[in-house]
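Chemist: Here it is: the structure, laid out below.
The values are calculated or read from the model by the stated rules, or taken from the named source; none is laboratory data. Source: prediction; values computed, not measured. Here the Cβ is made from the backbone with ideal geometry for all residues, glycine too, and neighbour counts use every protein chain on show. Heads up: the accessible areas ignore ligands, DNA and RNA and are worked out on the full protein's heavy atoms, side chains in. Shrake-Rupley method; radii C 1.70, N 1.55, O 1.52, S 1.80 Å.
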Amino acid sequence: QVQLVESGGGSVQPGGSLRLSCAASGIIFRIYRMAWYRQAPGKQRELVASITDGDSINYTDSVKGRFTVSRDNAKKMVYLQMNSLKPEDTAVYYCNVDVRTTAISARNDYWGQGTQVTVSP
């Protein structure tokens, strides 16, 4: 019912920047929380940044001051601007949204397919 398509991943040198985008489509009544997670090889998936429909924002400590999350409600998109990238930021980045598909349906989480971010010299 809800599809998420991420874009903007790639390879960059340390200190570089990337901007991830995630577009939501399908049957959507309201999008609540939008978030970015990441999963590095051999590690658990972790929350990177989240933004609520009230624009309350949260970052994991390791990206504070370097990453900025934002959303465009009209376009049903969420973005992650990543600056001063470090090798430890290398991971697959996933978009996650908390959505109600109708006015009376329950809220559900949806995930994107992931986009690879590689930071290396």
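Chemist: Order of 77-84, 104-111 by packing, highest average Cβ count within 10 Å first?
Modeler: Ranking the peptides 77-84, 104-111 by packing returns 77-84, 104-111.
Chemist: Would any residue of the range 6-41 have its amide N under 17 Å from a label point 7 Å out along Cα→Cβ of residue 100? List them or say none.
Modeler: Of the residues in the range 6-41, 27-34 have backbone N under 17 Å from the label point off residue 100.
Chemist: Might you tell me the accessible area per residue for the range 1-118, computed with a 1.4 Å probe and given in Å²? Can you show the working numbers first?
Modeler: Values: 6020 Å² over 118 residues.
So the range 1-118 comes to 51 Å² accessible per residue, rounded to a whole number.
Chemist: What are the semi-axes of the equivalent ellipsoid for the chain, taken as the square roots of 5 times the Cα gyration tensor eigenvalues, largest first, in whole Å? If you can, show how the numbers build up before the last one.
Modeler: Values: eigenvalues 134, 37, 30 Å².
Those come to 26, 14, 12 Å.
Chemist: Now a separate question. Show me, for the range 28-39, the HN-Hα J-couplings you get by feeding each phi into the Karplus relation (A = 6.51, B = -1.76, C = 1.60, θ = phi - 60°), rounded to Hz, glycine and proline as x.
Modeler: Running phi through 6.51 cos²θ - 1.76 cosθ + 1.60 with θ = phi - 60° gives 9, 8, 7, 9, 9, 6, 10, 8, 10, 10, 9, 9 Hz.
Chemist: Need the C-alpha centroid separation for the range 107-121 versus the range 19-74, integer Å.
Modeler: Computed from Cα coordinates, the inter-centre distance equals 10 Å.
Chemist: If R₀ is 25 angstrom, what is the calculated FRET efficiency for the pair residue 74 and residue 17, using the beta carbon separation as r and rounding to 0.05?
Modeler: On the way: r = 25 Å, r/R0 = 1.00.
After rounding to 0.05, the efficiency reads 0.50.
Chemist: Do you know the relative contact order of the chain, to the nearest whole percent, from alpha carbon pairs under 8 angstrom that are 6+ apart?
Modeler: Numbers: 303 pairs, mean separation 43.8, N = 121.
Value for the chain: 36 percent.
Chemist: Okay, moving on. Output ³J(HN,Hα) for the range 40-57: one whole-Hz value per residue in order, computed from phi by the Karplus curve 6.51 cos²θ - 1.76 cosθ + 1.60 with θ = phi - 60°, and x for Gly and Pro.
Modeler: In residue order, the calculated couplings are 8, x, x, 10, 6, 5, 10, 6, 9, 7, 9, 9, 8, 5, x, 6, 7, 10 Hz.
Chemist: If I compute solvent accessible area with a 1.4 Å probe over the protein chains, what percent of it on the chain is carbon and sulfur?
Modeler: Working: 2970 of 6220 Å².
Carbon and sulfur atoms account for 48 percent of the accessible area of the chain.
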